[in-house]
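Below is one structure; the comments refer to it alone.
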Amino acid sequence: MKKITFTRKQIKVTGMTVLVFGAAVATSWAASGHGEVHNSWLTIDTWKTLNFAVLAIALFLLGRKPVKAFFSSRKKEIADELKDLEQKKAEAEKQLAEYQARFNNLDQESRQIIEDYIKQGEEAKKRIIAQAEAQAEKLEDMAKRTIEQEFKTARMKLQKEISALAVDRAEQVIQNAISSEDQEKIVDDYLKKVVA
């Protein structure tokens, strides 16, 4: 068989019931004439008191389980809410710690980002300079080839002019050196070769 134990609440409720019952009895007794012998306690007063006591006990017995269930469910809801709130509080504290760590590392992260950008800028600068130097070398090579080609063209042109001048000069020298008798002799020799 189950052992019956009373909690503090149950004891308080029982005590309050007894006090109410006692108050009802005292009220009936006072209404009946303050202790007069002929009218001290009437039978109707006993039934009223018993009726009230039965009503109080019935209300206590009938209301005990629903009230207890209500308060226990409410207690459970509050405990669950407290548990959820504790969990949310722990998560919020964890997030706060993460944000504080990030905030503390923000200065270091910003310095790291600046260093990374400077490093990338230096690498881009080196790349641009290397490309410019390569382009300059190509342009220099092209300029040298163009100059050499122009120099060759100018040399050939100059050689042609010198050759033409030399031929003209040679003609003049030959014309001045050959007399009319020499010319006739050359023409006769030529004709003999052609006829022969």
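All of the numbers you see were taken from the coordinates with simple rules; none came from a lab. Keep in mind that this is a model prediction, so the values were computed, not measured. Methodologically, a virtual Cβ is constructed for each residue, glycine included, from the backbone with ideal geometry; neighbour enumeration extends over all protein chains shown.
So if we plug the beta-carbon distance of R74 and A53 into 1/(1 + (r/R0)^6) with R0 = 25 Å, what FRET efficiency do we get, rounded to 0.05?
The formula returns an efficiency of 0.25 here.
Taking a temperature of 25 °C and a viscosity of 0.890 mPa s, what whole-number D in µm²/s does Stokes-Einstein yield for segment 38-196 with Rh from Kirkwood over alpha carbon pairs?
Taking Rh from Cα pairs, D becomes 79 µm²/s.
Extension gain I114-D168, at 0.36 nm per residue separation less the Cα-Cα distance, in nm?
Working: separation 54, 0.36 × 54 = 19.44 nm, distance 7.87 nm.
Fully extending the segment from I114 to D168 adds 11.6 nm.
In nm, what is the difference between 0.36 nm times the number of residues separating K83 and Q95 and their Cα-Cα distance?
Extending this stretch completely gives an extra 2.5 nm.
Can you tell me how much longer the chain between L62 and N105 gets when fully stretched, taken as 0.36 nm per residue apart minus their C-alpha distance, in nm with one decimal? Before the final figure, lay out the partial values.
Details: separation 43, 0.36 × 43 = 15.48 nm, distance 6.46 nm.
Extra length from L62 to N105 when fully extended: 9.0 nm.
How many angstrom lie between the Cα centre of segment 47-91 and the Cα centre of segment 122-157?
Their Cα centres are 98 Å away from one another.
Between A143 and E122, what is the FRET efficiency for a Förster distance of 30 Å, r being their Cβ-Cβ separation, to the nearest 0.05?
E(calc), rounded to 0.05, equals 0.45.
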